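Contents: one structure, followed by commentary.
Every read-out reported here was derived from the displayed coordinates using simple, explicitly stated rules and does not represent laboratory data. The structure displayed is predicted, hence computed values, not measured ones. Neighbour counts run over all protein chains shown; Cβ positions are idealised from the backbone, glycine included.
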Amino acid sequence: MASIAIESDRRAYQVAAMPIRMNEEHRAEICLVTSRSTGRWIIPKGWPMKRLPDPEAARIEAKEEAGVVGIAFPDDVGSYTYWRRTRIDFRLTRVDVYALKVKRQKKRWKERDQRTVRWVSLLEAADLVLEPELSTLMLNLPANVTACDFLGNKASIKF
């Protein structure tokens, strides 16, 4: 079986935020956005930023793409791979995902007119995204005790 190598240059990986808020019933909701190129449902993501820790870069991407403001969990909650489209080919790219405890959503943000934003349950988010590894990562989030404690009292969060 042939193996596929992930790029080894400076763009070998991306960072993503998994923006999460609690609704009135204390149920977790995830913010999804559409990709600009294909319109598929994704979580906000982008390239690492010079002189910034990856969780901070993920937080900034979420603010630019979805208008959400919050605090990023300092450790990634997992990673997934996807085929990134370039002008000439497709590249397998790893994405490190950071939970983002959302405090509020802005009325105006940088990419507001370029994307659709949707708040959905964990199960619906896992169904809407096309990347199987990201779907699995979402479904495994309730088992991540440390991340759930960061998001709120784990015992009171409903997924």
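When exposed loop sites are taken as GluC sites (Glu not before Pro) in a DSSP loop with at most 14 other Cβ atoms within 10 Å, the longest stretch of the chain clear of them is 26-159.
Take every pair of alpha-carbon atoms less than 8 Å apart whose residues are at least six positions apart; their mean separation over the length of the chain yields a relative contact order of 28 percent. Cross-linked pairs LYS50/LYS103; LYS106/LYS158; LYS101/LYS158; LYS50/LYS101; LYS50/LYS106: Cα-Cα separations exceed 19 Å for LYS50/LYS103; LYS106/LYS158; LYS50/LYS101; LYS50/LYS106.
Secondary-structure-derived ellipticity at 222 nm for the chain, considering helices only, amounts to -6500 deg cm²/dmol, per-run term -39500 (n - 2.57) for DSSP H runs with n ≥ 4. Among VAL102, VAL120, VAL145, the largest mean-square fluctuation in a Gaussian network model of the chain (Cα springs under 10 Å) belongs to VAL145. Computed over the alpha-carbon atoms, the chain gives an Rg to Rh ratio of 0.96, Rh here being the Kirkwood radius from the mean inverse distance.
If both residues of a DSSP beta bridge must be in the chain, then about 75% of such bridges are antiparallel. Within the straight-line cut-off of under 15 Å between alpha carbons, the aspartates and glutamates reachable from LYS63 are ASP54, GLU111, ASP113, sequence neighbours fewer than 8 places apart in one chain being disregarded.
The long axis of helix 54-66 is offset from the longest Cα principal axis of the chain by roughly 80 degrees.
Listed by chain and number, the aspartates and glutamates whose alpha-carbon sits under 14 Å from that of LYS110, ignoring those within fewer than 8 places in the same chain, are GLU61, GLU64, GLU65.
Connecting C-alpha atoms closer than 10 Å in a GNM of the chain, tell me which of LEU130, LEU32, LEU100 has the biggest fluctuation. Highest fluctuation of the listed residues: LEU130.
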